[in-house]
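Asker: Can you keep this structure in mind? I'll have questions shortly.
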Amino acid sequence: MTSTPAPSPSDLTIIDIRRWLVRVPVNKPMVWGSGARTGVTRVIVELTTAGGVTGWGESICLLDAIPAVLDRIVMPVAMGKQVDQAESLYRHVLGSGYYHHKRAAVMATCAVEMAMWDAFAKVCGQPLHRLWGGTWRTRIDISAYLFSSDPARVAADAREYQARGFRTFKLKIGYGEQADIALTRAVREAIGPEPLLRLDVNGAWTPGTAKRLCARLVPFDPAYVEQPLEHDDLEGHVRLRASTSIPIALDESAYTLNDIGNIVRAGAADVILLDPHEAGGLWQCIKGAAVAESVGLPVTLHSGGELGLSQAAYLHLAAAIPNMTLAIDNELDYLGGDIVTRGFRIADGQIPVPTGPGLGVEVDRDALARYAVDSITGAYLDPARPGWFPVKPAY
């Protein structure tokens with residue numbers, strides 16, 4: 001019996017990196033209290049190793065700083081590194097001055113870091129989750145996402161999702177006190193008492209409003225209220241958590257590993273939403289989950305319109321992280337296209353974990369060219385309301 005020789009370190013060296021900015025339209029409105037999204041803009045990275053292995057990565061791209069940081073810092077720093085040096089890449093980017101500006105660097109870093117993991121797992125001949133502790137679960141529960149300020153619309157959407165087998169629902173609120181109650185009531189009445197119902201405020205509430213509305217929302221039995229206060233108000237979340245029986249989940253407050261450490265030290269959350277794009281990569285996300293696991297906190301994944309590469313990465317993360325016991329957020333139903341040859345499909349509220357080497361998906365280069373753009377548009381502000389912009393907190 002012969003064995004395949006291990007690749008030499010030089011074979012793992014990154015010798016080329018390319019990137020694309022792509023925009024995929026949405027096929028139905030994505031409207032919430034912070035604005036409207038008319039399309040999903042993502043940055044896609046392809047790297048090649050000296051051994052001829054190709055790795056692909058993706059990241060969320062909502063602001064103009066992300067391509068700039070990617071082009072000027074992250075890709076030059078990554079050149080010459082080996083694809084098994086995810087930790088080195090992240091720390092090198094921070095050491096290039098971005099320890100002052102972590103939130104400006106994490107999204108750009110993730111695209112290259114994901115491509116490194118994809119290439120390294122392909123070299124190993126293994127799906128990604130097997131490099132992170134192995135298979136903990138093989139099918140991943142998906143949360144149904146509800147975007148509308150119309151109670152009748154969200155109720156109808158919720159019933160449709162429930163008929164398709166979804167068991168967890170996420171409702172965007174943060175429109176106003178009466179609207180928040182009306183939307184929550186409409187969805188709860190539509191789905192019945194058993195399914196889990198998450199409420200995402202996106203930081204629209206003041207501390208006083210949060211206390212009042214949490215008291216009024218108790219009868220609807222929310223699984224949690226997500227980001228009720230501004231993202232940097234950890235003390236406010238600590239106080240709110242002590243005043244209500246509704247679990248408090250933090251998302252925008254929990255971008256980086258340091259953010260998660262601060263949340264845990266303060267006792268500010270019952271649930272933490274992770275996002276590798278907002279943490280600086282898959283490895284940083286795994287480390288953040290471990291910090292939460294050490295104090296018994298469950299985690300899930302935030303969705304920002306993942307295309308096929310990031311969707312695959314999410315499934316591998318959920319497959320390997322033991323305390324990712326909650327359904328992950330997902331906006332797949334809203335996407336009008338993809339950049340992989342075979343996109344994912346949700347069946348009975350779940351998606352199976354990919355089993356092929358690396359991310360386990362193949363990029364459609366024709367789709368990359370078709371969706372390529374030069375600028376970011378339609379990410380936040382609502383084109384139907386010229387001059388309008390969100391205020392945090394709003395009420």
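Asker: Output the residues belonging to segment 186-222 that are more than 17 Å from Gly174 (Cα to Cα) and either under 20 Å from the mean Cα position of the chain (by Cα) or among the aromatic types (Phe, Trp, Tyr) (or both).
Answerer: Selection gives Leu196 alone.
Asker: Output the residues belonging to segment 136-193 that are assigned to a loop (DSSP other than H, G, I, E, B) and closer than 21 Å to Ala204 by Cβ.
Answerer: Result: Ser143, Phe147, Ser148, Ser149, Asp150, Ile173, Gly174, Tyr175, Gly176.
Asker: Within the bounds of segment 330-344, is there any residue that is touching a Pro at 6+ places or on another chain (Cβ under 8 Å), surrounded by 16 or more Cβ atoms within 10 Å (Cβ to Cβ) and more than 28 Å from Val31 (Cβ to Cβ)?
Answerer: No: zero hits.
Asker: Scan segment 81-90 and tell me whether some residue there is farther than 12 Å from Gly281 by Cβ, hydrophobic (A, V, I, L, M, F, W, C) and under 20 Å from the mean Cα position of the chain (by Cα).
Answerer: No - not one qualifying residue is present in segment 81-90.
Asker: Hey, does segment 368-381 have a residue that's acidic (Asp, Glu), part of a loop (DSSP other than H, G, I, E, B) and surrounded by fewer than 24 Cβ atoms within 10 Å (Cβ to Cβ)?
Answerer: Within segment 368-381, one or more residues are acidic (Asp, Glu), part of a loop (DSSP other than H, G, I, E, B) and surrounded by fewer than 24 Cβ atoms within 10 Å (Cβ to Cβ).
Asker: Which of the residues that make up segment 231-276 are part of a helix (DSSP H, G or I), of a type in the set (Gly, Ala, Ser) and in contact with a strand residue (DSSP E or B) (Cβ under 8 Å, 6 or more places away or on another chain)? Let's see the steps before the verdict.
Answerer: From segment 231-276, those part of a helix (DSSP H, G or I) are 234-243, 252-254, 257-266, 276; that's our starting set.
From the residues that got through so far, the ones that are of a type in the set (Gly, Ala, Ser) too are 236, 242-243, 253-254, 261, 266.
Of everything in segment 231-276, just one residue is part of a helix (DSSP H, G or I), of a type in the set (Gly, Ala, Ser) and in contact with a strand residue (DSSP E or B) (Cβ under 8 Å, 6 or more places away or on another chain), namely Ala254.
Asker: Go through (1) within 18 Å of the chain's Cα centre (by Cα); (2) closer than 24 Å to Ala163 by Cα one by one and return the number of the condition Gly336 breaks.
Answerer: Of everything listed in (1) within 18 Å of the chain's Cα centre (by Cα); (2) closer than 24 Å to Ala163 by Cα, Gly336 misses just condition (1).
Asker: Could you grab me the full set of residues in segment 350-380 that are closer than 21 Å to Pro29 by Cα and either in the same structural domain as Leu196 (by TED's automatic domain parsing) or within 20 Å of the chain's Cα centre (by Cα) (or both)?
Answerer: Ile376, Thr377, Gly378, Ala379, Tyr380
Asker: Can you run down the residue pairs with Cβ atoms below 6 Å, 6 or more apart or on separate chains, where the first is in segment 292-318 and in contact (Cβ under 8 Å) with a residue 12 or more places away in the chain and the partner is hydroxyl-bearing (Ser, Thr, Tyr) and surrounded by fewer than 24 Cβ atoms within 10 Å (Cβ to Cβ)?
Answerer: From residues that are in contact (Cβ under 8 Å) with a residue 12 or more places away in the chain, the pairs are Pro298/Thr325.
The values are calculated or read from the model by the stated rules, or taken from the named source; none is laboratory data. On a predicted model such as this, the values are computed, not experimentally measured, just so you know. Every residue, glycine as well, gets a Cβ built from its backbone with ideal geometry; the counts of neighbours run over all protein chains shown.
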